[in-house]
1. Work out, step by step, the length gained on full extension between residue 108 and residue 65: first 0.36 nm times the residue separation, then minus their alpha carbon distance; give nm to one decimal.
2. In degrees from 0 to 90, rounded to the nearest 10, what is the angle of the helix 3-14 Cα long axis to the longest principal axis of the chain?
3. First measure r as the distance between the Cβ atoms of residue 50 and residue 134, then evaluate 1/(1 + (r/R0)^6) with R0 = 22 Å and state the FRET efficiency to the nearest 0.05.
4. For n ≥ 4 DSSP H runs only, could you compute -39500 (n - 2.57) per run for the chain, divide by its residues and tell me the 222 nm figure to the nearest 500?
5. Can you give the convex hull volume per residue for the Cα atoms of the stretch 24-160, as a whole number of Å³?
6. Accessible area per residue, 1.4 Å probe, Å², for the chain: what's the number?
7. Which one, 144, 22, 136, has the greatest fluctuation when you compute a Gaussian network model over the chain with C-alpha springs under 10 angstrom?
8. Given the Cα-Cα distance of residue 86 and residue 2 and 0.36 nm per residue of separation, how much length would full extension add, in nm?
Amino acid sequence: MTQAELLVAALRQRGWTLGVAESLTGGAVCSQVVSVPGASATLLGGVVAYATPVKHTLLGVDAALLAEHGAVHPDVAAQMAQGVRRAVAVDGRPADVGIGTTGIAGPDSPDGQPVGTVHIGIASPDGVRSIPYRFEGTRAEIRERATVAALAEALAAVRE
């Protein structure tokens with residue numbers, strides 16, 4: 001089974017729903033989940049918040065945090081994961097699990113951080129965390145690795 005299939009199965013088993021907020025992955029995480037038959041039982045929606053201001057206006061990421069550290073920061077990923085839970089709420093009920101991805105896929109770095117720097121945020125009923133990564137490779141390879149990592153981290157959180 002793929003990571004996405006395992007994640008959908010684990011979410012269904014717990015009766016949990018999912019929201020996904022993506023920056024560098026540009027919708028790839030959500031696309032992987034949607035490719036799984038039965039994903040509609042768990043996935044409420046996704047947001048591609050590529051521009052930094054959208055992370056604040058749509059997902060509620062702290063404006064001062066973004067101004068001070070930029071969009072590629074562990075707390076930004078965590079706040080994206082928390083914010084998407086609210087952004088995709090249905091009938092006032094937020095998603096149980098939120099995934100947030102932010103990072104630098106290259107070829108250049110706009111803020112001096114190394115290309116390949118990625119932060120995955122996971123928010124669930126069990127808490128919020130941000131996991132740092134440093135991937136090597138081309139822009140496409142970094143984005144693919146970040147997508148796989150996001151699915152794996154969400155799966156680990158749901159299985160806890």
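The values are calculated or read from the model by the stated rules, or taken from the named source; none is laboratory data. Just so we're clear, the structure is a prediction, and the values are computed from it rather than from any experiment. Every residue, glycine as well, gets a Cβ built from its backbone with ideal geometry; the counts of neighbours run over all protein chains shown. Accessible surface is based on the protein model in full, side chains and every heavy atom, while ligands, DNA and RNA are left aside. Shrake-Rupley method; radii C 1.70, N 1.55, O 1.52, S 1.80 Å.
1. Working: separation 43, 0.36 × 43 = 15.48 nm, distance 2.23 nm.
Full extension from residue 108 to residue 65 adds 13.2 nm.
2. Here the helix axis deviates by roughly 50 degrees.
3. Working: r = 21 Å, r/R0 = 0.96.
About 0.55, to the nearest 0.05.
4. On the way: 6 runs with 67 residues, N = 160.
Result for the chain, helices only: -12500 deg cm²/dmol.
5. On the way: hull volume 13.4 nm³, N = 137.
Residue-normalised Cα hull volume stands at 98 Å³.
6. Details: 7200 Å² over 160 residues.
Value for the chain: 45 Å² per residue.
7. 136
8. Details: separation 84, 0.36 × 84 = 30.24 nm, distance 2.73 nm.
Full extension of this stretch gives 27.5 nm more.
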